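No lab work stands behind these numbers, since they all come straight from the coordinates. Here the structure is a predicted model, which is why all the values come from computation and not from measurement. With ideal geometry, Cβ positions are generated from the backbone for all residues, glycine too; neighbour counts draw on all protein chains shown.
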Amino acid sequence: MSKFYITTPLYYVNGNPHIGHSYTNIACDALSRFRRLKGDKVLFTTGTDEHGQKIKEAAAEKGMEPALFVDTVVPRFKDLWTKLNISYDDFIRTTEERHERVVKKILEALYKKGDLYEGEYSGWYCTPCESFWTEAQLLEKNCPDCKRPVAHIKEKNFFFKLSKYQGWLIEYINSHEDFILPVIRRNEVLGFLKNPLNDLCISRPKSRLSWGIEIPFSKDHVTYVWFDALINYITVCGYGDNPEKFKTYWPADMHMIGKDILRMHAVNWPIMLHAAGLKPPKTVFAHGWWKIGEDKMSKSKGNIVDPHEASDRFGVDAYRFFLLREVPFGMDGSFSEKALISRINSDLANDLGNLLHRTLSMIDKYFSGIVPKRRNIKTADDITRALIENAKSLDAKISSSMDKVDFSRALSAIWALINNANKFIEQKAPWKLSKEKKEDELKDMMYDLYEVLRIVSLSLWPFLPQTSDNMIDQLGLKAAKRNMKDLSWGLAKPGTKIKKGKPLFPRIET
Ligand code: MSP
């Protein structure tokens, strides 16, 4: 049995969850469910990033202490993950004691080793981004990231020797093809590493910010929020606490992130791990961003997509489907209600919903709702054989797409089978077979359509878990423990009583 450890970023709790957060979690959920189908031992983790300036300010705006404030925001994330059927195994908060312990342990180890040193920093600082900038990096005297004003500061801090490991990291990236995916992101990091790395300031003086994990060797400093947050990936799989678990799951198989936080994950993090004597994760996968129409999503534009609202209006699985199907994973996407409704009406209501509904209606009508027995496949005609071949090759197509983290291709393969089956109905015209009393042919055909639907219902589980359950129920089957092996052709049992229900996806009129 192989293991699969996948993580999402830890989301800042200074705002409500939005489409971007839900995108990563839905993608990780689909991969986790797929691996479970294959029989892998999966650890899927998510959580919240709760320290630092941003959170302190958000708490102050509400007139609350940060510790109390974060407790009020975390449930909004947890509730959303429950609603979207995100099957995570552990939720980690950076304010938890288990995490603080590990952060301090890593800090102490690196300090002892001489990879952390005290120095004086004098330069420009962007408070909202918590970033230091040199004069040359400023953009018209403002922060080059958020374009807001910066302040000149001079203070004692602790620095991490990133520069010492630059050569090692370049060599590591060059010799591990799958370490940074997709390839454009790998090239982006290699390009960035052509310039010398600056050492990383990993502390903040308490006089300026006290909401963080105290540096164990300096009462006057707390840990920089990013240095603290990245460490969650080892905390949550048992580092320093549960050696057995840590040995089982580390290194992580995949850190799923958005493209904006690539450098932290593909430069700082592997160096932190290497310096601490730990292996880097196997893959850091940076996905693209959702734009709203052609615009960047932002508070000031007021165009933030709320996943709670979108999934209430259109349905959880329709929302999941749209995000996974609409763009090749890794690229940017454009979200609009029009595009979402069009996917619901064409792919979900028309193709999938109709196939299930008309097939079950025919089994009801011709065979009183009992799945008939088919004759030996050897007697089948060419169009039937083509349909069966298509169904038989589905698991290989899904597996190869999922191994490349290509959800839209996996879904296209499932839809190719669905559309093949719809066409098969038109071509074979079962209503004629019935009129002509071609009982055996009708039985074969109903069995084959039922079998296609059974295979489709299982293969949809990683992507559309509720729909998969609903289909399995209507097919008269039990949603027992699923396994990839059940995608094999011919496992449907003649004699099964179907339970036709409501159409899966009602059409949305515009
Ligand atoms: N707290 C850090 C991550 C620490 S991980 C150890 C953070 N949090 S965040 O809440 O600001 O963002 C989390 C994720 O949301 C990032 O992966 C980011 O790429 C993603 N997205 C934010 N806006 C997005 C879109 N519009 N579209 C897709 N993903 C986007 O960064």
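Placing +1 on the Cβ of every Lys and Arg and -1 on the Cβ of every Asp and Glu, with no other charges, gives the chain a dipole of roughly 1460 debye about its Cα centre.
To the nearest 20 Debye, how big is the dipole of segment 214-331 about its Cα centre, given +1 on the beta carbon of each Lys and Arg and -1 on that of each Asp and Glu? Let's see the in-between values first.
Values: 14 positive and 14 negative charges, 67 e Å.
I would put it at about 320 debye.
Working out 0.36 nm times the residue gap between Asp332 and Glu436, then minus their Cα-Cα distance, what length gain in nm do you get to one decimal? Provide the component values of the computation, followed by the final result.
Details: separation 104, 0.36 × 104 = 37.44 nm, distance 5.31 nm.
Answer, rounded to one decimal: 32.1 nm.
Where a ≥ b ≥ c are the square roots of the eigenvalues of the C-alpha gyration tensor, would you call segment 57-111 rounded, which needs a/c under 1.5, or, failing that, prolate if a/b is larger than b/c, or oblate? Judged from the Cα gyration tensor, segment 57-111 comes out oblate (a/c at least 1.5, b/c at or above a/b). With the simple model of a label 7 Å out from the Cα in the direction of the Cβ, Lys3 to Asp295 spans 4.6 nm.
Full extension of the chain between Ser361 and Glu65 gives 100.6 nm of extra length, using 0.36 nm per residue less the Cα-Cα distance. Note on segment 360-472: dipole from Cβ charges, positive end direction compared against Met402, Ala391, Leu460; the farthest Cα belongs to Ala391. Kirkwood hydrodynamic radius computed over the chain comes to 25.3 Å, based on all pairs of distinct alpha carbons.
By the Kirkwood approach, averaging reciprocal distances over each pair of separate Cα atoms, segment 36-133 gets a hydrodynamic radius of 16.9 Å. Packing, taken as the mean count of other beta carbons within 10 Å per residue, orders the peptides 373-379, 226-232 from highest to lowest as 226-232, 373-379.
Say the cut-off is 25 Å between C-alpha atoms; which of Lys54/Lys291; Lys78/Lys279; Lys78/Lys299 go over it?
Details: Lys54/Lys291 23 Å; Lys78/Lys279 30 Å; Lys78/Lys299 22 Å.
Table pairs above 25 Å Cα-Cα are Lys78/Lys279.
Here the simple spin-label model places points 7 Å from the Cα toward Cβ, and for Lys164 and Glu177 these points are separated by 3.4 nm.
Annotation: peptides 439-452, 204-217, ranked by per-residue average of other Cβ atoms within 10 Å with the highest first, follow the order 439-452, 204-217. The alpha carbon gyration tensor of segment 67-225 gives principal lengths a ≥ b ≥ c with a/c below 1.5, which makes the shape rounded.
For the pair Lys154 and Ser488, what calculated FRET efficiency results from E = 1/(1 + (r/R0)^6), where r is the Cβ-Cβ distance and R0 = 56 Å, to the nearest 0.05? Working shown, then result.
Details: r = 69 Å, r/R0 = 1.23.
Calculated value: 0.25.
Treat the count of other C-beta atoms within 10 Å as a stand-in for reagent exposure and order Met1, Met297 from fewest to most. All intermediate terms of the calculation are to be shown ahead of the outcome.
On the way: Met1 6, Met297 18.
By the 10 Å Cβ count, ascending, the order reads Met1, Met297.
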